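First up is the structure itself, then whatever we jot down about it.
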Amino acid sequence: MADIATIARPYAEALFASAKPADLSAWANQLEDLAALFENAELIALANNPKLSSNELFKFIEGLLQSKPDQGLASFLNLLANNHRLLVLPEIAKQFIAMKNQSEGAAEAIITSAFPMEGGALTELLASLKKRFGGKELRPTVVVDPELIGGVRVQVGDEVLDSSIKTRLVQMQINLSA
């Protein structure tokens with residue numbers, strides 16, 4: 001089977017091209033909500049059920065949403081249902097958000113820290129990361145992982161900066177055993 005990212009790309013590009021600049025944030029939020037739905041194993045099984053028509057599936061999913069999707073997004077969702085591509089929705093959302101961020105000169109930053117990070121420490125880290133990534137506005141998501149012991153691991157796109165104590169200890173172990 002083709003790679004999910006390869007299948008999702010044309011859908012994400014088409015959706016992005018059809019969106020008005022004013023709709024990008026709202027559509028991104030709705031796509032994130034839809035993507036979260038498709039992390040549920042029961043919904044995935046339902047989407048794979050051949051006895052359920054694409055129209056019934058579309059109506060069911062639309063009913064699960066807290067707010068009714070924008071008309072353009074609803075048409076897109078119906079298209080995915082008809083083409084049996086609803087399971088690719090999380091990847092479509094990811095790629096759409098990446099395109100939205102790129103058009104706005106921003107990037108998602110996943111910051112993994114051993115301890116909760118907020119306020120001044122987060123602001124200071126983001127300021128130094130902004131310089132590192134060419135002045136892009138970074139939209140942080142902080143994840144706490146006590147196994148890091150200390151320090152942070154930052155992922156922006158494909159690039160990872162790891163200054164965690166856990167990584168330093170592993171590197172030290174490799175150097176000492178060589």
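The values are calculated or read from the model by the stated rules, or taken from the named source; none is laboratory data. The model shown is predicted, which means the values in this text are computed figures rather than measured ones. Every residue, glycine among them, receives a Cβ derived from its backbone with ideal geometry; neighbour counts consider all protein chains shown. Heads up: the accessible areas ignore ligands, DNA and RNA and are worked out on the full protein's heavy atoms, side chains in. Shrake-Rupley method; radii C 1.70, N 1.55, O 1.52, S 1.80 Å.
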On the protein heavy atoms, probe 1.4 angstrom, tell me the percent of accessible surface of the stretch 104-165 carried by carbon and sulfur.
-> 56
Could you calculate, for the stretch 34-102, the ratio of the Cα radius of gyration to the Kirkwood radius, expressed as Rg to Rh?
-> 0.96
Area projected by the alpha carbon convex hull of the stretch 119-178, averaged over all directions, nm² = 5.2
Rounded tilt (10° steps) of 89-103 against the dominant C-alpha axis of the chain | 60
Helix 24-37: inclination vs the chain longest Cα principal axis, degrees, rounded to 10, gives 90
To the nearest whole percent, what portion of all C-alpha pairs in the stretch 78-117 is separated by more than 15 angstrom?
-> 60
For the stretch 1-79, which whole-number percentage of the solvent-accessible area (1.4 Å probe, protein heavy atoms only) is attributable to carbon and sulfur atoms?
-> 54
Measure nothing fancy, just the Cα-based angle from helix 4-18's long axis to the longest principal axis of the chain, in degrees from 0 to 90, nearest 10.
-> 70
With the dipole of the stretch 5-76 defined by +1 on each Lys or Arg Cβ and -1 on each Asp or Glu Cβ, the option from Gln30, Leu15, Leu65 whose Cα lies farthest towards the positive pole is Leu15
Whole number please: convex hull volume per residue of the Cα set in the chain, in Å³?
-> 174
Of all DSSP beta bridges in the stretch 58-178, what percent run antiparallel (nearest 5)?
-> 55
Stretched out fully, how many nm does the piece from Glu39 to Asp3 gain, at 0.36 nm a residue minus the Cα gap?
-> 11.2 nm
